[in-house]
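First comes the structure, then the notes that go with it.
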Amino acid sequence: MLKKKKTEVYALGQHISMSADKARRVIDQIRGRSYEETLMILELMPYRACYPIFKLVYSAAANASYNMGSNEANLVISQAEVNKGSTVKKLKPRARGRSFPIKRSTCHITIVMKDISLDDKYVEIDSLKKPKCKWKKKYKVTAYYDMYSSGGIWDKK
């Protein structure tokens, strides 16, 4: 009996207190990217949703290194999804004995990482590449075109 190697790990964050749409705006930027590139993107984005997502990506990478023994350079975010969670409802007292409802929304974030060194598809793609011919040399000539000194429309007064 053949045993299939596990190539995916995940991290799940539940009841994160932010709107699912705000978290989805950040998740759409990191889906399909490598682990190291994702950390750089999340550190430089100016959104509040970046910090909990950063912690989840870091946790998923720690799960991959502990459970599968994989290197962080080989990790890719294969799936990232945001689901709507429960809504906390409160009442705020207002003037003249009235009340105003406050709805605090939460979301559930799932990050799934895949180790591309253990995946068979990526190994097959590398083996299908054609070997490069060493005797064919292609010379490329790069011509720089300076539009300011060429006598074009910019020189007319």
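Starting from the exponent 0.38 and prefactor 2.2 Å, build the expected Rg for the stretch 1-117 from its residue count and divide its actual Cα Rg by it.
Against the compact-globule rule of thumb, the ratio is 1.35.
In whole Hz, what ³J(HN,Hα) sequence does the stretch 41-54 give by Karplus (6.51, -1.76, 1.60; θ = phi - 60°), x for Gly and Pro?
Karplus values, whole Hz, x for Gly and Pro: 5, 5, 6, 9, 6, x, 9, 5, 6, 5, 5, x, 5, 4.
Rounded to the nearest 0.05, what FRET efficiency do LYS84 and MET45 give with R0 = 22 Å and r taken as the Cβ-Cβ distance? Could you check?
0.50
For the pair GLU37 and SER117, how long in nm is the line joining their label points, each one 7 Å along Cα→Cβ?
Going from the GLU37 label point to the SER117 one covers 1.9 nm.
How big is the dipole moment of the stretch 1-70 about its Cα centre under a simple scheme where the beta carbon of each Lys and Arg is +1, that of each Asp and Glu is -1, and everything else is neutral? Debye, nearest 20, please.
Using only the charged Cβ atoms, the result is roughly 300 debye.
Grab the stretch 16-95 and count how many Lys pairs have their alpha-carbon atoms under 22 Å apart, sequence gap of 8 or more, or different chains.
Lysine pairs meeting the criterion: 5.
Laboratory data are not the source of any read-out in this text; all were calculated from the coordinates shown. Quick caveat: nothing in here was measured; it's all calculated off a predicted structure. Backbone-built Cβ (ideal geometry, glycine too); neighbour counts: all protein chains shown.
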